[in-house]
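The values are calculated or read from the model by the stated rules, or taken from the named source; none is laboratory data. The model shown is predicted, which means the values in this text are computed figures rather than measured ones. Virtual Cβ from ideal backbone geometry, glycine too; neighbours counted across all protein chains shown.
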């Protein structure tokens, strides 16, 4: 398929792509490796994913498999990192541990080549070494791979810092402020999460992503909030909510069915914030209903928040 | 420990048949009283289900229910384990739920002591008994772990043979005597005597196995595959149909021997490049092994929403295709009922029995 010696790398626009887009893109660009990123999720991709996936898999994994399917024939290999953990009580959902092998087995008949890097800090493999090893596997020198990682890391940090700074600014906004606690691959998904954010924005709300936060502080806050919470991303979200809930008019916890982490973490967040009085709406999206029916719930939640805010202002006045 | 300290009444969630070993450690090693809650029933499940988040995996609900039943039985101290998957967060959420309900108890959650320094688990020990005597604790721990291995050995043999007994109920009676002996054991001698008596009984009890015998291998999620209440007594149901039931997954194999099973992933490298989850490698390897060993079928057991087990299903399907071995996937939630399960099991049995006839 490929005429050049270097392979064209297909990157599914799903799951951790939404967390590491800058790192991955810059890394491959720096190495001069051509990439093709799948299109934003649409109905076709979502349905292809649901067909390829097992019934019981979570919606986001189904979507991911739809993106993989859409890349077949457009690239020489599919880029599916394996990310287990970043240390003690800094683990990822087991989906990210199994993902390369899930993809390889689901699409075995398509003879997909899976390109991966393996982060497992408790097993002695950090992100930097993992991505250098990936570069070596692609036939580059250690030096070139290291340089590419460095560039990728810097780009990702800049993107994360900018997102956190933007969120901090949003917390100072005048409008109705809603913290959206959800995995980035849910909020960024064009077919499932984006429409929710779009709707809220149209109604004039300031939507602040909980995971847009200075991560170290968020993890520290999460440790206070719930000491044995052990999932990296959950800690960022829960910690960020703990840091900012007093600045918000309301919180929406948005999850996909069936999310293992959120099934416990969202419940804990609701418990811990019960006394704070801040209204919380929990939303779960599944493959059947998608975003249908959500608007009614969002609308009434917005009404509640508006009334509460007005009441508060009257008390002040 | 000084004499005038009052003893704690310690309980642990009901987990498969291992509670006698926990009891042994608590009483003989730590000098406290162990409170054994009743075996789990639909009530246990209902208690847990009412208070637990909807979408959490089923074992959380049964474990929560079993904690409540332990408190009702008079426990004042609850111990909870850590774990690799969501299990590692069970402890904190369960505590928060129980406290909100107004239960008072002391709580030792091992997940809090998981810091990367194994020494910190000593702190958990001290939370149970302020002045543990290390030699005594270590001796009791060793004996309790031996008991765990005995329990696993006896259970393995039981489910491989009980379906072929010629005196109805004879194996079950021996098994019940064994668990009684383990529950009341106060010394290594008691443990060994009970174990040997059961081994003896199993050896001498008359059985009539057809040749060849139908063999089914069970794999799946750590808790549900081991816990007879949670899987609706799946192993017994299969045995009663006249199947030799094999289940590798147990505490001895997964936790005590497993660290010695280095490089297990090499045996499944045709299917997986990496470990896919806490018990995934073992389950995939064992499925492949059952297939290679000419088993008639494999049953994969899990609770609803168990992510790591859901995600190895594509791999198990490949093994099923490659080795032409039927795999039955069972998912248990709080609604799963015996009748529905039996229909599926009977159909599965008919299928593997018919295949066997065709192959012969």
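Just a few scattered comments:
- Answer residue from segment B:314-340, given it is touching a strand residue (DSSP E or B) at 6+ places or on another chain (Cβ under 7 Å) and away from chain A (no Cβ under 14 Å) and is nearest to residue A:56 (Cα to Cα) among those: B:328
- When restricted to residues that are part of a helix (DSSP H, G or I) and either exposed (fewer than 14 other Cβ atoms within 10 Å of the Cβ) or not assigned by TED's automatic domain parsing to the domain that holds residue B:22 (or both), segment B:76-119 contains 2.
- Qualifying residue in segment A:167-186 (condition: within 14 Å of another protein chain (Cβ to nearest Cβ) and free of Cβ contacts under 8 Å to residues at least 60 places away in the same chain): no
- Residue among A:83, A:11 that alone is touching a strand residue (DSSP E or B) at 6+ places or on another chain (Cβ under 6 Å) and over 20 Å from residue A:192 (Cβ atoms): A:83
- Enumeration of residues in segment B:307-336 that are part of a loop (DSSP other than H, G, I, E, B) and either free of Cβ contacts under 8 Å to residues at least 40 places away in the same chain or under 15 Å from residue A:54 (Cβ atoms) (or both): B:324, B:325, B:326, B:335
- Filter result for the condition that a residue is part of a helix (DSSP H, G or I), assigned by TED's automatic domain parsing to the domain that holds residue A:45 and in contact with a strand residue (DSSP E or B) (Cβ under 8 Å, 6 or more places away or on another chain), over A:104, A:69: A:104
Okay, residues lined up against (1) touching a residue at least 60 places away in the same chain (Cβ under 8 Å); (2) part of a helix (DSSP H, G or I); (3) under 30 Å from residue B:141 (Cβ atoms):
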site	(1), (2), (3)
B:255	no, yes, yes
B:266	no, yes, no
B:285	no, yes, yes
B:305	yes, no, no
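- Restricted to segment A:162-185, and to residues there that are in contact with a strand residue (DSSP E or B) (Cβ under 6 Å, 6 or more places away or on another chain) and part of a loop (DSSP other than H, G, I, E, B), the residue that is surrounded by the most Cβ atoms within 10 Å (Cβ to Cβ) is A:182.
- Some residue of segment B:286-306 being modelled with pLDDT under 95 and over 21 Å from residue B:224 (Cβ atoms): no
- Selection from segment B:335-351 of residues that are under 26 Å from the mean Cα position of the chain (by Cα), farther than 12 Å from residue B:238 by Cα and surrounded by 13 or more Cβ atoms within 10 Å (Cβ to Cβ): B:336
- Matching entry among B:229, B:223 (being closer than 24 Å to residue B:176 by Cα and part of a loop (DSSP other than H, G, I, E, B)): B:229
- Lone qualifier among B:46, B:73, B:52 - being surrounded by fewer than 19 Cβ atoms within 10 Å (Cβ to Cβ), modelled with pLDDT of 95 or more and within 29 Å of residue A:257 (Cα to Cα): B:46
- Test: residue in segment B:269-279 that is on the phi < 0 side of the Ramachandran plot, within 12 Å of chain A (Cβ to nearest Cβ) and assigned to a helix (DSSP H, G or I): no
- So residue A:18, is it within 27 Å of residue B:89 (Cα to Cα) and more than 14 Å from chain B (Cβ to nearest Cβ): yes
- Qualifying residues in segment A:64-79 (those that are under 22 Å from residue B:309 (Cα atoms) and over 15 Å from the mean Cα position of the chain (by Cα)) - the one farthest from the other protein chains (Cβ to nearest Cβ): A:66
- Per-region count, segment A:1-24, residues farther than 18 Å from residue A:62 by Cβ, part of a loop (DSSP other than H, G, I, E, B) and modelled with pLDDT of 95 or more: 1
- Considering segment A:231-317, the qualifying helices (runs of 4 or more DSSP H), each wholly inside and each with 1 or more residues that are under 20 Å from residue A:196 (Cβ atoms) and within 14 Å of another protein chain (Cβ to nearest Cβ), run over A:232-244, A:260-272.
- Single residue of B:145, B:199, B:141, B:175 found to be free of Cβ contacts under 8 Å to residues at least 40 places away in the same chain and in a helix (DSSP H, G or I): B:175
- Segment A:117-161, residues that are within 22 Å of the chain's Cα centre (by Cα), in a loop (DSSP other than H, G, I, E, B) and closer than 19 Å to residue A:29 by Cα: A:117
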